[in-house]
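Asker: Dumping the structure here so I can ask a few things about it.
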Amino acid sequence: MSHHIVEVKDLKYSYPDGTPALDGISFLITHGESVAVVGSNGAGKSTLLHHLNGYLTPTSGMVRIGDLPLSKSTVQAVRRSVGMVFQDPDDQLFMPTVADDVAFGPLNLGLPLEEVNDRVDRALTTVGALHLKNRPPYKLSGGEKRSVAIASTLSMSPDILVMDEPSANLDPQARRRLIELLSTFTHTKIIATHDLDMALDLCDRTIILHGGLITADGPTLDIFRDSALLRRSHLEKPLSMQGCPACGSMAVK
């Protein structure tokens, strides 16, 4: 299962104006892991994710997906293995109908139309959105757009799911449905999020980014119990670990 491995080694990246965003980070994620990437605004989370399938090119350092170091010659193969779900679904949904959006990737792989149609139906069924198949994306709710964006990624049959703030702007019910859906996936998952409760629900491992550096990498529960570490990283404990401020009861985790 080496094609499921994600390795980042001494990765550095600076914005075009010279501002450093990532300052030499390294980690290894193996098959089937679910890993949260957390940090305050500007910590480098989205920048890191955009390196994992070649949307950004490192200033220096290396990204490897399976046996392939990411480069101009391997980027297309890497993108077939790494499925990216962007923070804003509108960045992914641009076709006249939901079915067209979900079919876009498989069609560009040159797959037969029958297989493309089967992938569309299976992906939309997986996310509970088959009934939206013929709807225009601009008429969907935020939660529906999120589900369709995930389906458009799943239709490519990726080995690794990379998701940027998947619960952003969702109402509580849509957020819960998303968490339940993601918990069923056996893919390797890398989730950048401000939603630490979602990270606690889905990810056994958490990486904290702060100032372009990894300041912690370990079991999620251990990291979220470390109040001093969270304060240094400009984070707070998940709400489920904070107890009740009104009655003074303590959280059980």
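The values are calculated or read from the model by the stated rules, or taken from the named source; none is laboratory data. Bear in mind the structure is a predicted one, so any value in this text is a computation, not a measurement. In this analysis, Cβ positions are derived from the backbone assuming ideal geometry, glycine residues included, and neighbour counts consider all displayed protein chains.
Asker: Restricting the search to segment 94-115, which residues are over 22 Å from V75 (Cα atoms) and surrounded by 14 or more Cβ atoms within 10 Å (Cβ to Cβ)?
Answerer: Hits for segment 94-115 are M95, T97, V98, A99, D100.
Asker: While we're looking at this one, here's another question. Looking at L68, L124, which is the one that is modelled with pLDDT under 95, within 14 Å of S155 (Cβ to Cβ) and of a type outside the set (D, E, K, R)?
Answerer: L124
Asker: Counting just the residues of segment 47-62 that are out of contact with any Lys or Arg (no Cβ under 8 Å at 6 or more places or on another chain) and either among the acidic types (D, E) or surrounded by 17 or more Cβ atoms within 10 Å (Cβ to Cβ) (or both), which one comes out modelled with the lowest pLDDT?
Answerer: Per the stated criteria, the residue is L56.
Asker: Of the residues that sit in segment 74-102 and are in contact with a strand residue (DSSP E or B) (Cβ under 7 Å, 6 or more places away or on another chain) and small (G, A, S), which one is nearest to A192 (Cα to Cα)? Step through it out loud before you land on a result.
Answerer: To start, the set of residues in segment 74-102 that are in contact with a strand residue (DSSP E or B) (Cβ under 7 Å, 6 or more places away or on another chain) comprises 74, 77-78, 81-87.
From the residues that got through so far, the ones that are small (G, A, S) too are 77, 81, 83.
Values: A77: 23, S81: 18, G83: 14 Å.
Only one residue fits best here, namely G83.
Asker: Continuing with this model, one more query. So if I check each of K45, K72, K12, which one is basic (K, R) and free of Cβ contacts under 8 Å to residues at least 24 places away in the same chain?
Answerer: It is K72.
Asker: Any idea which residue in segment 1-28 is surrounded by the fewest Cβ atoms within 10 Å (Cβ to Cβ), counting only those that are among the aliphatic types (A, V, I, L, M) and under 22 Å from S233 (Cα atoms)?
Answerer: So, considering only residues that are among the aliphatic types (A, V, I, L, M) and under 22 Å from S233 (Cα atoms), the one surrounded by the fewest Cβ atoms within 10 Å (Cβ to Cβ) is L28.
Asker: Turning to a different aspect of this structure: Of all residues in segment 103-115 being in contact (Cβ under 8 Å) with a residue 24 or more places away in the chain and aliphatic (A, V, I, L, M), which is farthest from S155 (Cα to Cα)?
Answerer: L109
Asker: Another question about this same structure. Might you let me know whether segment 103-115 holds any residue that is closer than 20 Å to S147 by Cβ, out of contact with any strand residue (DSSP E or B) (no Cβ under 9 Å at 6 or more places or on another chain), at pLDDT 95 or above and outside any helix (DSSP H, G or I)?
Answerer: no
Asker: Turning to a different aspect of this structure: Testing K145 on (1) in a helix (DSSP H, G or I); (2) modelled with pLDDT under 90; (3) touching an Asp or Glu at 6+ places or on another chain (Cβ under 8 Å), one condition comes back false. Which one is that?
Answerer: Going through (1) in a helix (DSSP H, G or I); (2) modelled with pLDDT under 90; (3) touching an Asp or Glu at 6+ places or on another chain (Cβ under 8 Å) one by one, K145 breaks only (2).
Asker: Considering only segment 183-212, state which residues are within 16 Å of T153 (Cβ to Cβ) and more than 12 Å from the chain's Cα centre (by Cα).
Answerer: Within segment 183-212, T184, F185, T186 qualify.
Asker: In the list D67, D118, which residue meets the criterion of being acidic (D, E), more than 30 Å from L235 (Cα to Cα), loosely packed, with under 14 Cβ neighbours inside 10 Å and out of contact with any Phe, Trp or Tyr (no Cβ under 9 Å at 6 or more places or on another chain)?
Answerer: D67
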